[in-house]
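Before any comments, here is the structure.
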Amino acid sequence: MTNDLFKLLEEKTKLSRRVIENIIKLLDEGCTIPFIARYRKDLTNSATDEELRVFEEIFNYSKKMIERKEEIISLLKEKNFLNEKVLKSLEEATTLQALEDIYSPFKEKKSSRTTFAIENNLEGLANIIQSMKYSKNEVEIKAKSFLNENIKTIEEAIFSAKDIIAQRYADDFKSKEIIRNLLLNWGTLEIKEAKEFKKDGLYVNFVGQNEKIKYIKSHRVLAILRAVNEKELSVKIDIDENNILENIKKYKIPSNANSSKELVFEAYKDGLKRLLLPSLKREILTTLKERASKEAIELFGKNLKELLQTAPLVNQTILGLDPGYKTGCKLAVIDKDGQYLDSAVIYPTKPKEDVEGSSKIVQDLIKKHNVTAIAIGNGTASRESADFIGELIEKNSLDVKYAIVSEIGASVYSASKIATLEYPNLDVTIRGAISIASRLRDPMAALVKIDPKSLGIGQYQHDVNQKELAQKLENITIDLVNKVGVDLNSASFKLLSFISGISEKLAINIVEQREEKGKFTTKEELLKVKGVGEKAYEQSVGFLRIKDGKSIFDNTSIHPEDYEIAKKIKTFDIKNPNSSTFEELSFKLNISKIKAKDIITELNNPGYDVRVEFNQVTFSSSITKLEDLKEGDILSGIVRNITDFGAFVDIGLKNDALLHISQISDKRISHPSEVLSINQNLENIKVLSVDLEKQRVSLSLKN
């Protein structure tokens, strides 16, 4: 590891050299981010998984930068272009963009005009002109010596020499950086109709707009660029070029320069308009897209994290109901461990409206399996199905609660390979009902089986960098699954595959052993699973739980490497630990205060699920009929999606209602996520407007 890389990492991460060395060593040893964050706090100054992910990103970028810097230096040495000034600029560069800007003048020129001028040996004339020591007449006299069979007149020689000067201006990395910053801070995005523009289409409100590049919101950038791809809109970046030219005169043309300065200014002007601005404008559009993509991916990740953090419904037998009309409502029962028990189909809604027969089937299932909760999908026929269940519970005084859950992605799961592996003998529709029930029991366990892009929690997700999006969502899922922990005896192979150190193949092996030899009784038995070696065991074991294991440690995140210490701590029987307790124990047992605190916390709360601190399930959600809604109505609802421009709220309709950012708070907010979170329960929501034709409802939380 080079000193340059360590220096760069220290500057960009603000971490000490020791911590940086420790993190890199741990990563090189094959340790995962969740493992390092949870079990190597002493070495990382208690860096969280989020901080370690950021470090990893900076580390990879910095490595790439150092490698590119060394590559450029090597190339310049080969061509004999490396001097102290260039080397100093390269050493001071802190971004890949800056490195490429510095290297740009030494690349082979793509401009045919510049190449032509260089090939005809006009660099000497360009130097004479650019020195600005001569009058125009003197330049013309000197130009005669540069004539040849391709350059036959003085005018042609000067014209081509100016092409070289124009290229030099366009390649100058300091000028490039100045113009780039001017475009980013003062440029505007002009939006016009394109040939496929639809006057009644989605993008009608964008036409004729001039968006300030500095302030344009990421969701608008992605919408505009999608419209450009669809040939409905065209965009152009504009900036006050006269102001730039005045600054060129002021700062790049010395006041005491001779009359050849006019030729230099003409060349600089040409370099600006023909070479630099078009190149930078293309770059700015790319930058805008990358920035918007990054922001959209971050928001998607935040939404996914909040969705997966929704508290589970523990120790309940749940009936999942997938609503429908003609094909009926599909029912599936799962036990407290999520295991499938039974299924049926009922027809309480139109066209059959077999309320009596449906009631009997549901009551029989409730009685047979001791069902304590019902999960109803929020899609087609959800309102009627919820009315039926609500009346059934009330009429028969059933000790059962029901909740409306989002069914988005359930159909994706039911037809997936995972569902086929889990329930090979069940119909696709019953798998969908199982997914709905599972979302109430354990949202995280159910939702990790579905591609996050199918969960309806992002914006313009198909317009962002797909590789970066997939990586972000995977990292979010991995970090949260490990933070929560997984029940070794009930988790699906898919959920297990997100555990640190466990591949999908190992996860399948674990489930197969569980099915063949029965439940695990100790974590150590994991070592008997085919393919689980010492490293996989080390990385995974702390994140697995056994509820009824032989030892209390099996239902905690205490790592086996700390069992001996934990046994000693257990003898102290500490019920109300505080800072002095941790200090005293760390001194007595020769361990850090951080480790003492973590072990005591786990011993006092075996099986604790961090998700109980987040959004809880809401039962008996009111179901609304669009036709009955009117302006001013007060409702309750659940936040299903958050975007840059607002939130979508489930108020019991087939389609979620829009809560625009301007209607979220009486105080000014810059983003909805400052106030709202996914699956948050909202009360006292006011209906602003109802559009029956477009099936849209607008809401407000303002007083």
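The values are calculated or read from the model by the stated rules, or taken from the named source; none is laboratory data. Quick caveat: nothing in here was measured; it's all calculated off a predicted structure. Glycine also receives a Cβ, built like all others from the backbone with ideal geometry; neighbour counts cover every protein chain displayed. Just so you know, the surface numbers come from the protein's heavy atoms only, side chains and all, with ligands and any DNA or RNA stripped out. Shrake-Rupley method; radii C 1.70, N 1.55, O 1.52, S 1.80 Å.
For the stretch 256-288, give me the residue count where each residue is closer than 30 Å to Asn465 by Cα and not hydroxyl-bearing (Ser, Thr, Tyr). Quick ask: steps written out before the conclusion?
Let us first name the residues in the stretch 256-288 that are closer than 30 Å to Asn465 by Cα, namely 275-288.
So of that shortlist, the ones also not hydroxyl-bearing (Ser, Thr, Tyr) come out as 275-278, 280-285, 288.
Number satisfying all stated conditions: 11.
Identify all residues within the stretch 92-125 that are of a type in the set (D, E, K, R), open to solvent by 70 Å² or more (accessible area, probe 1.4 Å) and in contact (Cβ under 8 Å) with a residue 12 or more places away in the chain; write none if there are none. So that I can check it myself, show each step before the final result.
We begin by selecting, within the stretch 92-125, every residue of a type in the set (D, E, K, R); these are 92, 100-101, 107-110, 113, 119, 123.
Those still in the list that are open to solvent by 70 Å² or more (accessible area, probe 1.4 Å) too: 92, 107-108, 110, 113, 119, 123.
Result: Arg113, Glu123.
Out of the stretch 19-49, which residues are β-branched (Val, Ile, Thr), farther than 19 Å from Glu561 by Cβ and open to solvent by 20 Å² or more (accessible area, probe 1.4 Å)?
Thr48, the sole residue that qualifies.
If I ask for residues that are among the aliphatic types (A, V, I, L, M) and surrounded by 24 or more Cβ atoms within 10 Å (Cβ to Cβ), which ones from the stretch 309-330 would you list? Write out each step before concluding.
Taking the stretch 309-330 and keeping what is among the aliphatic types (A, V, I, L, M), we get 311, 313-314, 318-319, 321.
Within the stretch 309-330, Ile318, Leu319, Leu321 meet the criteria.
Checking the structure you have, find out if any residue of the stretch 31-47 is at pLDDT 95 or above and closer than 23 Å to Thr94 by Cβ.
Yes, the conditions are met somewhere in the stretch 31-47.
State yes or no: is Ser358 buried (at least 18 other Cβ atoms within 10 Å of the Cβ) and over 25 Å from Gly637 (Cα atoms)?
Details: buried (at least 18 other Cβ atoms within 10 Å of the Cβ): yes; over 25 Å from Gly637 (Cα atoms): yes.
Answer is yes for this residue.
Within the stretch 366-394, which residues are more than 18 Å from Glu407 (Cα to Cα) and in contact with a Leu (Cβ under 6 Å, 6 or more places away or on another chain)? Quick ask: steps written out before the conclusion?
As a first pass, look at the stretch 366-394 and keep what is more than 18 Å from Glu407 (Cα to Cα): 366-372, 388, 390-394.
Those that are more than 18 Å from Glu407 (Cα to Cα) and in contact with a Leu (Cβ under 6 Å, 6 or more places away or on another chain): His369, Val371.
Among the residues of the stretch 1-36, count how many are part of a helix (DSSP H, G or I) and touching a residue at least 40 places away in the same chain (Cβ under 8 Å). Working first, answer last.
Let us first name the residues in the stretch 1-36 that are part of a helix (DSSP H, G or I), namely 3-13, 17-28, 33-36.
With the extra rule that they be touching a residue at least 40 places away in the same chain (Cβ under 8 Å), the set shrinks to 4-5, 8-9, 11-13, 33-35.
Total satisfying the criteria: 10.
Return the pairs, sorted by first residue and then second, in which the second residue is β-branched (Val, Ile, Thr) and part of a helix (DSSP H, G or I), the first residue lies in the stretch 537-550 and is on the phi < 0 side of the Ramachandran plot, the beta carbons are less than 9 Å apart, and the residues are 6+ apart or on different chains.
Correct list of pairs: Phe543/Val481; Phe543/Val484.
May I ask you to verify whether Thr521 is modelled with pLDDT of 95 or more, in a helix (DSSP H, G or I), open to solvent by less than 60 Å² (accessible area, probe 1.4 Å) and among the polar types (S, T, N, Q)? Break it down into steps so the answer makes sense when it comes.
Values: modelled with pLDDT of 95 or more: yes; in a helix (DSSP H, G or I): no; open to solvent by less than 60 Å² (accessible area, probe 1.4 Å): yes; among the polar types (S, T, N, Q): yes.
No.
Filter the stretch 576-591 down to the residues that are of a type in the set (A, V, I, L, M, F, W, C) and over 39 Å from the mean Cα position of the chain (by Cα), then identify the one that is least open to solvent (accessible area, probe 1.4 Å). Break it down stepwise before answering.
First, the residues of the stretch 576-591 that are of a type in the set (A, V, I, L, M, F, W, C): 582, 585, 587, 589, 591.
Checking the rest, the ones that are also over 39 Å from the mean Cα position of the chain (by Cα) come to 585, 587, 589.
Values: Leu585: 7, Phe587: 176, Leu589: 41 Å².
The extreme case among them is Leu585.
Filter the stretch 170-208 down to the residues that are surrounded by fewer than 18 Cβ atoms within 10 Å (Cβ to Cβ) and small (Gly, Ala, Ser) and list them by number.
Correct list: Ala194, Gly201, Gly208.
In the list Ile366, Ile346, Ile376, Ile334, which residue meets the criterion of being more than 37 Å from the chain's Cα centre (by Cα) and buried (at least 23 other Cβ atoms within 10 Å of the Cβ)? Talk me through it step by step, then tell me what you get.
Values: Ile366 fails: buried (at least 23 other Cβ atoms within 10 Å of the Cβ); Ile376 fails: more than 37 Å from the chain's Cα centre (by Cα); Ile334 fails: more than 37 Å from the chain's Cα centre (by Cα).
Unique residue meeting the criteria: Ile346.
Would the stretch 300-317 turn up any residue that is among the hydroxyl-bearing types (Ser, Thr, Tyr), modelled with pLDDT of 95 or more and over 30 Å from Asp487 (Cβ atoms)? Break it down stepwise before answering.
As a first pass, look at the stretch 300-317 and keep what is among the hydroxyl-bearing types (Ser, Thr, Tyr): 310, 317.
Now drop any that are not modelled with pLDDT of 95 or more, which leaves 317.
Subset that is over 30 Å from Asp487 (Cβ atoms): none.
Looking for residues that are among the hydroxyl-bearing types (Ser, Thr, Tyr), modelled with pLDDT of 95 or more and over 30 Å from Asp487 (Cβ atoms), one finds none in the stretch 300-317, hence no.
For a quick check of your reading of the model, give me the residue pairs whose first member lies in the stretch 651-666 and is surrounded by fewer than 14 Cβ atoms within 10 Å (Cβ to Cβ), whose second is among the acidic types (Asp, Glu), with beta-carbon atoms closer than 8 Å and at least 6 apart or on different chains.
Final answer for the pair search is none.
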